[in-house]
Amino acid sequence: FSDGSVSRASPSIHANIEADLCSVRNDLFEEIDRRTRAEEALLPMQCRFQWIARQLFQSGLSSPPMQPGVGVQCDVDSIAQLCQEVVVTRFVFEAVEVGLAHAEAQAAAEAAIKVKNHEIARLRDRLQYYEAVNREMSQRNQTAVELSRRRRLKMRMCVWGCVGLSITMGASLLAYSYVTHGSKTPSLPSSECHDTSLEKSE
């Protein structure tokens with residue numbers, strides 16, 4: 001190229017370079033602005049995450065609280081570890097809830113069984129009382145039946161005794177009346193009896 005061509009081309013090259021520099025500068029400013037906004041948005045998230053990590057660490061989780069200035073990869077690892085521990089904690093919590101529910105159900109069942117046993121014992125005592133009363137009533141009934149039978153037997157014996165006494169008295173009265181009637185008939189003298197016999201023979 002000749003000097004004239006170089007001199008003619010230099011303004012256009014400078015213009016292109018300046019345009020490229022302006023474009024790069026604008027891109028750099030935009031990138032800086034994006035990074036600034038991202039850092040501003042990330043800062044509250046990091047603060048919130050650090051607060052959550054501290055609370056979880058105080059609650060017994062092994063994930064240590066994050067320190068400022070740690071890298072993103074460390075944050076990701078801490079978050080992954082925290083998620084795993086949250087999952088494990090949830091499983092443990094669910095297992096504890098199941099155990100507590102089982103214990104409560106068992107306690108309720110034991111209480112219900114205790115109440116039922118008490119009711120069964122009360123019913124058994126009542127049944128024994130009724131059986132004792134039934135035996136006593138049966139014994140009393142047997143005694144009453146035996147007394148009634150003896151009374152009927154005595155009454156029957158009295159009736160038969162009265163009948164026998166009546167028969168005996170009737171027979172005695174009949175015999176007495178017969179004897180007294182026979183003794184009251186007049187007896188004939190012996191001569192009259194002899195004459196009477198002679199008359200009959202003639």
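Listed values, structure above:
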| quantity | calculated |
| --- | --- |
| Single residue of LEU100, LEU173, LEU147, LEU123 found to be within 27 Å of the chain's Cα centre (by Cα), surrounded by 10 or more Cβ atoms within 10 Å (Cβ to Cβ) and over 30 Å from ARG54 (Cβ atoms) | LEU123 |
| Residue within the stretch 51-58 that is within 26 Å of ALA80 (Cβ to Cβ), modelled with pLDDT under 70 and in contact with a helix residue (DSSP H, G or I) (Cβ under 6 Å, 6 or more places away or on another chain) present | no |
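Conditions tested, residue by residue: (1) within 60 Å of the chain's Cα centre (by Cα); (2) modelled with pLDDT under 75; (3) part of a helix (DSSP H, G or I).
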site: ALA9; (1), (2), (3): no, yes, yes
site: SER23; (1), (2), (3): no, no, yes
site: GLN46; (1), (2), (3): yes, no, yes
site: SER62; (1), (2), (3): yes, yes, no
site: CYS74; (1), (2), (3): yes, yes, yes
site: ASP77; (1), (2), (3): yes, yes, yes
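The values are calculated or read from the model by the stated rules, or taken from the named source; none is laboratory data. Note that the coordinates shown come from a computational prediction; the quantities given were computed from them, not determined experimentally. Every residue, glycine among them, receives a Cβ derived from its backbone with ideal geometry; neighbour counts consider all protein chains shown.
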